[in-house]
1. Here are Ala281, Ala304, Ala257: which of them is modelled with pLDDT of 75 or more and either in a loop (DSSP other than H, G, I, E, B) or buried (at least 16 other Cβ atoms within 10 Å of the Cβ) (or both)?
2. When you scan the range 203-219, do you find a residue that is among the β-branched types (Val, Ile, Thr), surrounded by 19 or more Cβ atoms within 10 Å (Cβ to Cβ) and over 28 Å from Cys317 (Cβ atoms), even just one?
3. Mind checking which residues of the range 167-188 are more than 19 Å from the chain's Cα centre (by Cα) and crowded, with 21+ Cβ neighbours inside 10 Å?
4. Can you find, within the range 99-113, the residue that is nearest to the chain's Cα centre (by Cα) among those that are crowded, with 21+ Cβ neighbours inside 10 Å and either part of a loop (DSSP other than H, G, I, E, B) or among the basic types (Lys, Arg) (or both)?
5. Mind telling me which of the residues Ala167, Ala135 ends up being of a type in the set (Gly, Ala, Ser) and either at pLDDT below 90 or part of a loop (DSSP other than H, G, I, E, B) (or both)?
6. Given the range 22-86, what helices (runs of 4 or more DSSP H) lie entirely inside it while holding 1 or more residues that are farther than 19 Å from Val214 by Cβ and out of contact with any strand residue (DSSP E or B) (no Cβ under 6 Å at 6 or more places or on another chain)?
7. Give the number of residues within the range 87-98 that are more than 23 Å from Asn188 (Cβ to Cβ) and assigned to a loop (DSSP other than H, G, I, E, B).
Amino acid sequence: MSDQSPDDDPFVTVVVVTYNSAATVGETLSSLADQTYPDDRYELLVVDGGSTDDTEALAAEYGAAFHAVEGGTIGACRNRGIDLADGDYAAFTDSDCAVPATWLRSHVDRIADAGDHIAGVGGPNRPFPSDPPFAKLVGSLQGTVFGSGGSPQSHAIDRVREVRSVACCNVLYDAAVFEQHRFDGDINVGEDAEFHFRLSEAGHRFLFDPAIAVSHHLSATFGAFCKKSRSYGYAMARIQRRHGKVIRWYSALPSLALFGGSLASLADLRAHRLRAVPLLALGFLVVSGYATGQVYRDRGTALALLVPLMLLAQYTCYGVGFLQGLATPEPVPQELP
């Protein structure tokens with residue numbers, strides 16, 4: 001904690017975790033250097049997992065302190081940032097994001113009157129205006145309940161509300177929470193979901209403010225979209241195996257749908273009939289049609305017709321990743337505070 005008078009703005013440590021992020025981190029750091037929050041009331045730390053590009057040079061260009069965690073996971077890098085932080089609050093954004101000039105001020109003002117059970121404040125992430133059309137399509141799809149599973153960091157929510165988790169690309173924590181809780185240093189994807197699950201089990205909540213949005217470079221190609229969906233499924237299965245609990249009730253649905261659909265198709269083939277498959281197809285058409293309509297209203301482009309294919313790919317890749325995560329032997333986790 002920093003020493004300050006009651007009339008001072010609280011001191012904030014901003015942590016940006018990086019790895020070979022030279023193509024995007026300059027945009028991130030530039031936005032963080034141009035805040036309406038007083039310059040002497042926040043510090044900027046870049047924690048790097050072992051980059052081999054010009055990430056360190058860019059950090060120096062923007063006056064950010066640079067710290068390397070060679071071979072470190074995202075969770076381990078976040079913990080290093082917490083160890084180094086001097087702030088009353090610790091804010092995180094990612095190295096492929098840009099924040100608005102009012103980002104820190106909005107977060108600090110929002111958390112100022114929050115209850116003791118509030119661990120932090122978060123908001124949504126949206127595509128950059130300059131991103132390619134496919135990335136914007138991904139952003140609009142994530143704004144639908146079928147594209148995000150209802151997660152507040154993506155799904156469109158129009159009011160301030162308490163939630164159990166937010167995305168670490170747009171969050172400010174009360175630093176007091178780190179006295180008893182830290183990220184899992186063994187986790188490289190989904191570390192925020194796992195950390196926030198443990199916080200929620202301990203009675204903490206987050207305030208989600210839809211007005212505090214950051215720009216985020218989303219998947220720009222269909223292949224990248226599929227790869228990321230699979231990695232999310234894999235990570236969620238590993239996290240739930242570790243805890244022996246369901247963290248997000250919908251996480252197993254894509255895998256169950258794949259398994260159930262395969263069994264139903266085999267049953268139809270053996271019986272020389274088509275009953276289950278048409279019903280499954282009809283259900284998917286209803287879901288994808290609804291999502292397509294929402295994306296079209298948001299984007300107003302014929303590219304919304306790609307939504308059924310995107311949903312099919314997302315569910316399939318996520319489901320496959322989830323099954324892989326269940327089947328992969330679990331390493332012995334490190335001790336957590």
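The values are calculated or read from the model by the stated rules, or taken from the named source; none is laboratory data. Keep in mind it's a predicted model, so treat the numbers as computed, not measured. Here the Cβ positions follow ideal geometry from the backbone for every residue, glycine too, while neighbour counts run over all protein chains shown.
1. Sole residue among the options that is modelled with pLDDT of 75 or more and either in a loop (DSSP other than H, G, I, E, B) or buried (at least 16 other Cβ atoms within 10 Å of the Cβ) (or both): Ala304.
2. Yes: one or more hits.
3. Once the filter is applied, which keeps residues that are more than 19 Å from the chain's Cα centre (by Cα) and crowded, with 21+ Cβ neighbours inside 10 Å, the range 167-188 yields only Ala175.
4. Checking each candidate, the answer is Val99.
5. Within the list Ala167, Ala135, the selection yields Ala167.
6. The qualifying helices (runs of 4 or more DSSP H) are 55-61, 74-84.
7. Qualifying residue count, the range 87-98: 2.
Per-residue answers, yes or no, for (1) surrounded by fewer than 22 Cβ atoms within 10 Å (Cβ to Cβ); (2) among the small types (Gly, Ala, Ser):
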position	(1), (2)
Thr28	no, no
Arg41	yes, no
Leu58	no, no
Ala68	yes, yes
Cys77	no, no
